[in-house]
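Asks: The following block contains the structure, expressed as structure tokens.
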Amino acid sequence: MVHYGYTILYIADPDKTRQFYNGLLGLPIKAEHGSYTEFDTGSTILAFNTKEDVRSMIPYEIPDKTAQQSIELGFVTEDVAHVYEQIKNAGHQTVLPPTEKPWGQTVAYVLDPDGHLIELCSPIG
């Protein structure tokens, strides 16, 4: 089973983003790791990160222009490899095969039919 887990929007300035969403809107900060920030929004997570940080983690060139694709959608599943293979076998472009991260999570990246970056990931904790 797959369910929608979170949205990560790419940004230029983490401090300005934190100030807007936490300082102005009052969203509690759930986690911070370098330029990455998660906000508690209830049943899903709204997260932000810089394009530079994402480029350093996965082999996919995130475009600089905001008019182009600039979003990552994360989907949580117990079987990342199976879902990844289903998407690959259906002919969709893949970016990164299932990979275990240092924090224990398995992640893979694919592109949807419109070129949006999709993360498939195992639950954390």
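The values are calculated or read from the model by the stated rules, or taken from the named source; none is laboratory data. In this text, all values refer to a predicted model and were calculated from it rather than measured experimentally. Note that each Cβ is placed from the backbone with ideal geometry, even for glycine, and that neighbours are counted across all protein chains shown.
Asks: Only residues that are in contact (Cβ under 8 Å) with a residue 24 or more places away in the chain and of a type in the set (Gly, Ala, Ser): list them for segment 69-111, please.
Replies: Answer for segment 69-111, where residues must be in contact (Cβ under 8 Å) with a residue 24 or more places away in the chain and of a type in the set (Gly, Ala, Ser): SER70, GLY74, ALA81, ALA108.
Asks: Inspect all residues belonging to segment 52-59 and state whether any of them is more than 20 Å from ALA108 (Cβ to Cβ), among the acidic types (Asp, Glu) and within 16 Å of the chain's Cα centre (by Cα).
Replies: Among the residues of segment 52-59, at least one is more than 20 Å from ALA108 (Cβ to Cβ), among the acidic types (Asp, Glu) and within 16 Å of the chain's Cα centre (by Cα), which makes the answer yes.
Every residue, every condition in (1) at pLDDT 95 or above; (2) surrounded by 11 or more Cβ atoms within 10 Å (Cβ to Cβ); (3) more than 16 Å from VAL2 (Cβ to Cβ), yes or no:
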site	(1), (2), (3)
GLY42	no, no, yes
SER56	no, no, yes
ILE62	no, yes, yes
ASP79	yes, yes, no
GLU100	yes, yes, yes
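Asks: In segment 1-89, which helices (runs of 4 or more DSSP H) lie fully inside it and hold 3 or more residues that are farther than 18 Å from CYS121 by Cβ and not hydroxyl-bearing (Ser, Thr, Tyr)?
Replies: 14-18, 51-57
Asks: Test LEU73 against the criterion of being touching a strand residue (DSSP E or B) at 6+ places or on another chain (Cβ under 6 Å) and crowded, with 16+ Cβ neighbours inside 10 Å, and give yes or no.
Replies: For LEU73, the condition - touching a strand residue (DSSP E or B) at 6+ places or on another chain (Cβ under 6 Å) and crowded, with 16+ Cβ neighbours inside 10 Å - is not met.
Asks: Continuing with this model, one more query. Mind listing whichever residues of segment 102-125 are loosely packed, with under 15 Cβ neighbours inside 10 Å, out of contact with any Asp or Glu (no Cβ under 9 Å at 6 or more places or on another chain) and closer than 19 Å to HIS33 by Cα?
Replies: If the condition is that a residue be loosely packed, with under 15 Cβ neighbours inside 10 Å, out of contact with any Asp or Glu (no Cβ under 9 Å at 6 or more places or on another chain) and closer than 19 Å to HIS33 by Cα, then PRO102, TRP103, GLY104, ILE124, GLY125 are the ones that fit.
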